[in-house]
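Novice: First the structure, then my questions, so here it is.
The values are calculated or read from the model by the stated rules, or taken from the named source; none is laboratory data. Just so it is clear, the structure is predicted and the values come from calculations on it, not from any experiment. Methodologically, a virtual Cβ is constructed for each residue, glycine included, from the backbone with ideal geometry; neighbour enumeration extends over all protein chains shown.
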Amino acid sequence: MSLAEKFDGEYCLDNYINACLRVLTCADISEAYQFGINDPDVRKYLGHEGALTVLDLHKFVSGHENSDDQVLFGFYLDNIHRGNVRIHNFDRKSAWLGIALFDKTIWGQGWATKVLFSITQIIWRIPSLEEIFAGVDIENVGSFRAFKKAGFSVYDLSGEGAIFVCNRPITHSDLL
């Protein structure tokens, strides 16, 4: 069973009926997705050079659909695909997490924190999982802040970035 199959369905963000996460498929690739992911303000933190074509996006998304160590979620707000959350390098005890909100109209509204909180609640359903890691570019202040607000702590800090870790399921009371 692929990792994507383990997370079949749609997950509403707590208390937000218009916001959800669901496993991304090639059918979800749109011009808006391509435009957003290629925005220079988004792309500078994603670690790829040059613009991504629709074919590139199909390869990326389809590469996650049948994988046993990675899964790609789409974040939807008001039924519009606004970003992605990627779980990768899953090895039963740990996994890595990445987030890209490519719709800049929702930046600064707390959605990254809400998405991170929700996705951690979803992937903690894997009983063997003990740690979730995330790498963040030190210049990406919004992501840095979102991971801290979502209950992650700095595991390692270097000149170019930080590695965050979350070692246990977090609850709303942890955020207060």
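Novice: Give me the pairs, please: first residue somewhere in segment 105-119 and closer than 20 Å to Y33 by Cα, second residue anywhere and in a helix (DSSP H, G or I), beta-carbon distance under 7 Å, and either six or more positions apart or on two chains.
Specialist: Listed by first residue and then by second, the contacts come to W107/G142; A112/G142; A112/S143; A112/A146; L116/A146; L116/F147.
Novice: State which residue is farthest from N84 (Cα to Cα) when the search covers only segment 1-41 and only residues that are modelled with pLDDT under 85 and aromatic (F, W, Y).
Specialist: Among them, the one singled out is Y16.
Novice: Quick one: which residue in N66, N15 is touching a residue at least 24 places away in the same chain (Cβ under 8 Å) and either surrounded by 13 or more Cβ atoms within 10 Å (Cβ to Cβ) or not acidic (D, E) (or both)? First the steps, then the outcome.
Specialist: Numbers: N15 fails: touching a residue at least 24 places away in the same chain (Cβ under 8 Å).
Being touching a residue at least 24 places away in the same chain (Cβ under 8 Å) and either surrounded by 13 or more Cβ atoms within 10 Å (Cβ to Cβ) or not acidic (D, E) (or both) holds for just one of N66, N15, which is N66.
Novice: Within segment 112-121, is even one residue under 16 Å from Y11 (Cα atoms), under 14 Å from the mean Cα position of the chain (by Cα), surrounded by 15 or more Cβ atoms within 10 Å (Cβ to Cβ) and modelled with pLDDT under 90? So that I can check it myself, show each step before the final result.
Specialist: From segment 112-121, those under 16 Å from Y11 (Cα atoms) are 112-121; that's our starting set.
Imposing the further condition that a residue be under 14 Å from the mean Cα position of the chain (by Cα) reduces the set to 112-121.
Then keep just the ones that are surrounded by 15 or more Cβ atoms within 10 Å (Cβ to Cβ); that gives 112-121.
Then keep just the ones that are modelled with pLDDT under 90; that gives 121.
Yes: segment 112-121 contains one or more residues that are under 16 Å from Y11 (Cα atoms), under 14 Å from the mean Cα position of the chain (by Cα), surrounded by 15 or more Cβ atoms within 10 Å (Cβ to Cβ) and modelled with pLDDT under 90.
Novice: Limited to segment 145-166, what total is found for residues that are modelled with pLDDT of 90 or more and under 17 Å from A100 (Cβ atoms)?
Specialist: Qualifying residue count for the region: 5.
Novice: Assuming K6 fulfils every condition listed in (1) buried (at least 16 other Cβ atoms within 10 Å of the Cβ); (2) touching a residue at least 60 places away in the same chain (Cβ under 8 Å) apart from one, which condition is it?
Specialist: The one condition K6 does not meet is (1).
Novice: A further question follows. Based on what the data block shows, is E65 closer than 22 Å to A134 by Cα, over 15 Å from the mean Cα position of the chain (by Cα) and among the charged types (D, E, K, R)?
Specialist: Details: closer than 22 Å to A134 by Cα: yes; over 15 Å from the mean Cα position of the chain (by Cα): yes; among the charged types (D, E, K, R): yes.
In short, yes.
Novice: Continuing with this model, one more query. How many residues does segment 18-41 hold that are crowded, with 18+ Cβ neighbours inside 10 Å and assigned to a helix (DSSP H, G or I)?
Specialist: Total meeting the criteria: 3.
Novice: Looking only at residues in segment 42-57 that are under 18 Å from I87 (Cα atoms) and surrounded by 13 or more Cβ atoms within 10 Å (Cβ to Cβ), which one is farthest from the chain's Cα centre (by Cα)? Give the steps one after another, and end with the answer.
Specialist: Keep residues of segment 42-57 that are under 18 Å from I87 (Cα atoms), which gives 45-48, 57.
Narrowing the set further to residues that are surrounded by 13 or more Cβ atoms within 10 Å (Cβ to Cβ) leaves 45-46, 57.
Values: Y45: 13, L46: 12, L57: 16 Å.
Restricting to residues being under 18 Å from I87 (Cα atoms) and surrounded by 13 or more Cβ atoms within 10 Å (Cβ to Cβ), the top hit is L57.
Novice: So G50 ticks every box in (1) within 14 Å of G36 (Cα to Cα); (2) at pLDDT 90 or above but one. Which box is left unticked?
Specialist: Against the list (1) within 14 Å of G36 (Cα to Cα); (2) at pLDDT 90 or above, G50 comes up short only on (2).
Novice: While we're on this one: Give the number of residues within segment 17-60 that are of a type in the set (S, T, N, Q) and in contact with a Gly (Cβ under 6 Å, 6 or more places away or on another chain).
Specialist: Initial filter on segment 17-60 (of a type in the set (S, T, N, Q)): 18, 25, 30, 34, 38, 53.
Pick out the ones that are also in contact with a Gly (Cβ under 6 Å, 6 or more places away or on another chain) and you get none.
Here the count works out to 0.
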